[in-house]
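What follows is a short report on a single structure.
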Amino acid sequence: MEVRYCADEIVAEARDWIGTPYLHQASCKGAGADCLGLVRGVWRHVIGPEPEVVPSYTPDWSEVSREERLDAGAARHLTRIAGDWQRGDVLLFRMQGAAVAKHVAIVSQATPGAACIIHAYSGHGVVETPLSPAWSRRIVAAFRFPDRSI
């Protein structure tokens, strides 16, 4: 029996993480998570076991080496989408100009002009925030969770 991708389930699980403190490299609902840890936790709840062990990473990700590790990892397990992203999709962000992508969020509302994301970042923990122009201009890629089967 095939079970399809479910944006409602993804967003509900991501919202369940709101209030989790920020903790670099962590992925434990209520105890600590960074932006990648949030997506990993949602994956475990919605899809199942994580498909690979995430190697240790520094807060600067791979800025010095200029390797797009976050993008490459997302592309291995999520479906890259071109064009309009939707509720439940995963967005990657560049925090500065031509720097590597090093932030990730889940779209909780995709209404034009009122889009929101759920993400974790230092000093804030897991929060749901409007996808403001400051965040929107930093989007460099969008991905969708895969369909799953049981």
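The values are calculated or read from the model by the stated rules, or taken from the named source; none is laboratory data. As the structure is a computational prediction, the values presented were derived from the model and not from experiment. Using ideal geometry, Cβ is built from the backbone for each residue, glycine included, and neighbour counts are taken over all protein chains shown. These accessible areas exclude ligands, DNA and RNA; they are computed on the full protein's heavy atoms, side chains included. Shrake-Rupley method; radii C 1.70, N 1.55, O 1.52, S 1.80 Å.
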Condition first: more than 19 Å from Gly123 (Cα to Cα), open to solvent by 60 Å² or more (accessible area, probe 1.4 Å) and part of a strand (DSSP E or B). Now tell me which residues in the range 1-59 satisfy that. Glu2
Scan the range 97-106 and tell me whether some residue there is under 16 Å from the mean Cα position of the chain (by Cα) and surrounded by fewer than 17 Cβ atoms within 10 Å (Cβ to Cβ). no
Note on Gln109: of the conditions (1) in contact with a helix residue (DSSP H, G or I) (Cβ under 6 Å, 6 or more places away or on another chain); (2) within 19 Å of Phe143 (Cβ to Cβ), unmet is (1)
Scan of the range 76-96 for residues that are among the aromatic types (Phe, Trp, Tyr) and open to solvent by 10 Å² or more (accessible area, probe 1.4 Å), ordered by number: Trp85
Tell me, please, whether a residue that is part of a strand (DSSP E or B), acidic (Asp, Glu) and under 15 Å from the mean Cα position of the chain (by Cα) can be found in the range 112-135. yes
If Val54 satisfies all but one of (1) in contact with a Ser or Thr (Cβ under 9 Å, 6 or more places away or on another chain); (2) closer than 25 Å to Pro130 by Cβ, what's the number of the condition it fails? (2)
